[in-house]
Amino acid sequence: MKLFKFTLVVFIAVSLMTFGADGQEKKRRKNKDKDKAIPTTAATTTTTTTTTTTTTTPEPEVTEEAEAEQRIPVGAHECPPELKPREGHQHPCTCFDHLEDDALMVECVGLTSGEQMHHIFHNYLLNKRVDAIAVRNSSMGPLVAHISARTYTAIVSMKGNGISELHAEAFTGTEQSVSRVDFSSNQLTRVDFSIFNAYTQLQVLNLGENELTTIDNAGHAPSLRVLYLYSNKIDAISPKAFSRLEALEYLDLRSNNLQTLVPASLQVPSSRWQLRIRSNQIVSLEDVFGSTPFPYIIDLTANSIGLLTDQVYGPLIEMALLEGSKIYMSGNPINCDCSVAWLARNATLLPAVDEAKCDGDGIAIADLNLDELRRCPRGQPWLSPSVRIVEKEAGDENETEST
């Protein structure tokens with residue numbers, strides 16, 4: 001009986017131990033399953049946390065300098081790789097960058113039309129800051145609208161490219177930046193100068209060596225200082241054609257077909273300016289300057305001036321004398337009769353006249369025999385050019401006050 005009870009107790013203890021082991025194993029499995037699920041939950045939580053952190057991070061403060069930087073197109077001072085100079089470069093346009101002050105220059109050679117230039121600039125140079133555009137040895141024909149793709153441009157040089165017409169919107173976008181424009185040696189027969197009225201920074205305009213025949217209105221480009229019209233076929237200039245060019249300091253009309261100039265045709269509002277008008281067939285400058293100040297340098301070389309009268313040329317020579325300059329008269333068929341006596345007698349004015357010689361014998365007026373001119377009447381007084389300047393300045397002040 002005792003053996004039976006012992007055996008029963010042992011059985012129960014073993015059973016309890018087995019059950020306990022099974023329970024522990026199940027518990028371990030259960031915990032293991034939980035452990036397997038935990039990483040997935042943790043990863044999800046981490047991702048959610050990261051996303052939340054990203055969206056709630058405050059953006060850095062944008063300074064005025066940064067805003068200005070963002071407004072400038074990226075690479076505005078860099079050439080596109082297609083146009084950079086390299087060995088075997090076959091493109092008609094070449095772009096040069098990394099120049100002084102981050103300047104960028106584009107040079108085009110052998111273009112066949114204005115449309116081709118338009119295509120190149122719109123495809124490769126749009127929004128670039130092109131400080132200088134130089135086109136040469138091309139056959140452009142008429143220029144087209146937006147030919148430079150509205151790029152910032154300071155200098156435009158298109159000399160000798162067969163340009164036959166200027167489009168009013170060819171260089172739209174450069175009105176506030178371009179300072180020099182060269183359209184010389186082309187085939188322009190007429191120019192609408194009003195195109196340049198909006199160019200506030202334009203200082204030099206070269207239209208020399210074209211086919212222009214008349215100048216009716218030279219516009220009113222506000223900053224234009226130098227206007228080249230040399231070597232055209234100009235034979236007529238309308239009254240006050242240049243009268244609205246307030247900043248003009250240098251007018252070049254050399255080598256044209258000018259003969260008779262109408263009153264005020266060379267009226268320029270500036271109080272100090274130069275006139276180059278050599279190699280024409282001009283016979284007189286009477287009344288050509290209107291009521292505005294005279295130029296302080298006049299190059300009249302190789303014209304057809306025969307009468308050097310005091311009322312016309314006295315004030316001009318005096319103006320040159322006041323400025324320490326000269327009136328250049330070489331190559332004119334001057335009649336050395338009583339009409340020049342006033343000048344031959346005036347030792348003060350004579351040094352301001354360069355190479356004024358008599359027609360035929362070529363004797364300089366300064367070397368004329370005064371005894372031979374003693375019977376000639378004395379010259380008549382003229383209005384001093386300094387008075388004209390004072391009157392001009394007074395008129396400008398009155399106009400300013402009235403506005």
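Annotation: of all residues in region 298-335 being touching a residue at least 24 places away in the same chain (Cβ under 8 Å) and small (Gly, Ala, Ser), the one that is nearest to Leu258 (Cα to Cα) is Ser304. For region 336-346, does any single residue satisfy the condition of being farther than 18 Å from Leu266 by Cβ, in contact (Cβ under 8 Å) with a residue 60 or more places away in the chain and among the hydrophobic types (A, V, I, L, M, F, W, C)? Looking for residues that are farther than 18 Å from Leu266 by Cβ, in contact (Cβ under 8 Å) with a residue 60 or more places away in the chain and among the hydrophobic types (A, V, I, L, M, F, W, C), one finds none in region 336-346, hence no. When region 129-161 is examined, which residues are found to be on the phi < 0 side of the Ramachandran plot and over 15 Å from the mean Cα position of the chain (by Cα)? Arg136, Ser138, Ser139, Met140, Pro142, Leu143, Val144, Ala145, Asn161 - these are the residues of region 129-161 that are on the phi < 0 side of the Ramachandran plot and over 15 Å from the mean Cα position of the chain (by Cα). Residues considered: Glu107, Glu87. Of these, the only one that is outside any helix (DSSP H, G or I) and open to solvent by 60 Å² or more (accessible area, probe 1.4 Å) is Glu87.
Filtering Ser164, Ser194 for residues that are open to solvent by less than 70 Å² (accessible area, probe 1.4 Å), over 26 Å from Glu246 (Cβ atoms) and more than 15 Å from the chain's Cα centre (by Cα) leaves a single hit, Ser164. For region 371-396, residues that are open to solvent by 90 Å² or more (accessible area, probe 1.4 Å), at pLDDT below 80 and acidic (Asp, Glu) total 2. Residue check: Pro142 meets all listed conditions (1) modelled with pLDDT of 95 or more; (2) surrounded by fewer than 17 Cβ atoms within 10 Å (Cβ to Cβ) but one, namely (1). The number of residues in region 319-333 that are in contact with a helix residue (DSSP H, G or I) (Cβ under 7 Å, 6 or more places away or on another chain) and crowded, with 21+ Cβ neighbours inside 10 Å comes to 3. Residue check: Thr151 meets all listed conditions (1) open to solvent by 20 Å² or more (accessible area, probe 1.4 Å); (2) more than 21 Å from Val191 (Cβ to Cβ) but one, namely (1). Looking at Thr309, Thr301, just one residue is closer than 27 Å to Leu368 by Cα and at pLDDT below 95, and that residue is Thr309. Among all residues of region 169-176, there is none that is hydrophobic (A, V, I, L, M, F, W, C), modelled with pLDDT of 95 or more and on the phi < 0 side of the Ramachandran plot. The residues listed here are Leu275, Leu285, Leu307; of these, the one that is of a type in the set (A, V, I, L, M), open to solvent by 50 Å² or more (accessible area, probe 1.4 Å) and under 22 Å from Ser384 (Cα atoms) is Leu307.
The values are calculated or read from the model by the stated rules, or taken from the named source; none is laboratory data. On a predicted model such as this, the values are computed, not experimentally measured, just so you know. FYI the Cβ positions are ideal-geometry reconstructions off the backbone, even for glycines, and counts take in every protein chain you see. Accessible surface areas use protein heavy atoms only, side chains included; no ligands, DNA or RNA. Shrake-Rupley method; radii C 1.70, N 1.55, O 1.52, S 1.80 Å.
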